[in-house]
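This report concerns only the one structure given below.
Only the coordinates and a few stated rules stand behind these numbers; no lab work does. What you see is a predicted model; the values in this text were computed from it and never measured. Note: ideal-geometry Cβ built from the backbone for every residue, glycine included; neighbour counts use all protein chains shown.
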Amino acid sequence: MHRFWKRFVSPIIETAQPRRLIEIGAEFGWNTAPVLEYCRRTGATLEIIDPAPPPALLEVLARYPAEHVYHRAKSLDVIPQIQPVDLVLLDGDHNWHTVYNELLAIFRGASEAGAAPPIVVFHDIAWPYARRDMYYTPLDLDPSARHPYADRGMLPGQSELTENGLNANFHNALHEGGPRNGVLTGIEDFIAGYGKPLAFRQLPFFNGLGILVPEERTTPALEALIDSFYSRESLLETVVTLETDGMRVRAELAAQNIRLTRQAEALRRAKSTIEALRAELGAKPAG
Ligand SMILES: C[S@@+](CC[C@H](N)C(=O)[O-])C[C@H]1O[C@@H](n2cnc3c(N)ncnc32)[C@H](O)[C@@H]1O
């Protein structure tokens, strides 16, 4: 989600001015740090949920002791204990079961406390996890809550997993699509069952950002801001960023190819030197 911070997530937070926030799935704290800066400036509080904090996240948290509450836990275990918030950044376990039940718990908590439900900003609502589950710890889930999965990669437009695809080091559902599969499907199913108006807007690039605004949180300023994300200028800026990112990746791949070619050449030379030495030793008369 951090790639959306400057142009999208930060302006949403500055416009909505939440007093209490939750971040589900903080990883290295790349999003967490600027949110905590916002908290320091405005007196807001951030509740952070991540069961597997890398050292980089703990370093970020140590810099902002007064601005955060950290839960080293899974979202579904801890959300019911957290008091209602104004805004949630949701980027944890990318599967239907988790996302659907996170939303249920967040909205139920607000309703029981008599509070307005929060604005929810999601990551990974586009390919590859819009219509395909991924599980950080699949064995922790009831088998009925997960699809068959494998540690294999994904290619756009192909349901079957493949050796040469993206994110082959994650536990990905074997197939894309169908019921109860993927982050976007979880959000849509929640919205369909909610019973009250919920505006949901999607930015389908950088793996996708979703913005869910309950009626009670809608303001003209927030609506205008979200509309501006779809202006010609904003979309052009996104195209340029995507193009620049693409070129950077191509440059990295080219540099890596050159390194591999050089290493293979050095290996080939070392092998032929060893073979020549062996032949020389073998050719020498004994004694
Ligand atoms: C994609 S990363 C988050 C990236 C981060 N939001 C960013 O933009 O830089 C997902 C994180 O979710 C955490 N996670 C996995 N399962 C979770 C769960 N059930 N509840 C909360 N966090 C979870 C993982 O430990 C991981 O750090």
Subject >> Principal-axis tilt of helix 232-283 within the chain, Cα atoms, nearest 10 degrees >> reply: 20 degrees
**OP:** Report the net charge of residues surrounding Lys196, where surrounding means a beta-carbon distance below 11 angstrom and charges are Lys +1, Arg +1, Asp -1, Glu -1.
**Re:** -2
**OP:** Quickly estimate the mean residue ellipticity at 222 nm for the chain, helices only: each DSSP H run with n ≥ 4 gives -39500 (n - 2.57), and the total goes over all residues, rounded to 500.
**Re:** -14000 deg cm²/dmol
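How large is the translational diffusion coefficient of the stretch 231-287 in µm² per second when you combine the Kirkwood radius over alpha carbon pairs with Stokes-Einstein at 37 °C and 0.692 mPa s?
Reported coefficient: 211 µm²/s.
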**OP:** Could you give the spread of the C-alpha atoms of the stretch 136-287 along their three principal axes, from largest to smallest, in whole angstroms?
**Re:** 95, 45, 24
Subject >> Nearest-ten-degree value, helix 183-194 long axis tilted from longest Cα axis of the chain >> reply: 10 degrees
Subject >> Helix 32-42 vs. the chain, principal-axis angle (Cα, 0 to 90°, nearest 10) >> reply: 30 degrees
Original post:
How would you rank 53-61, 253-261, highest first, on the average number of other Cβ atoms within 10 Å across their residues?
Top reply: 53-61, 253-261
Original post:
Given the chain, what percent of its DSSP beta bridges are antiparallel, to the nearest 5?
Top reply: 50 percent
Original post:
Of Ala145, Pro156, Ala126, which is farthest along the charge dipole of the chain in the positive direction, counting Lys and Arg as +1 and Asp and Glu as -1 at C-beta?
Top reply: Pro156
**OP:** Give me the Debye-computed log₁₀ of I(q)/I(0) at q = 0.12 Å⁻¹ for the chain, equal point scatterers on Cα only, no solvent, two decimals.
**Re:** -0.82
Subject >> the chain, relative contact order [Cα under 8 Å, separation at least 6], % >> reply: 15 percent
**OP:** Two decimals is fine: what is log10 I(q)/I(0) at q = 0.13, 0.15 Å⁻¹ for the stretch 37-149, from a Debye sum with one equal scatterer on every Cα and no solvent?
**Re:** -0.57, -0.76
Subject >> Computed Rg/Rh of the stretch 88-166, alpha carbon atoms with Kirkwood Rh >> reply: 1.05
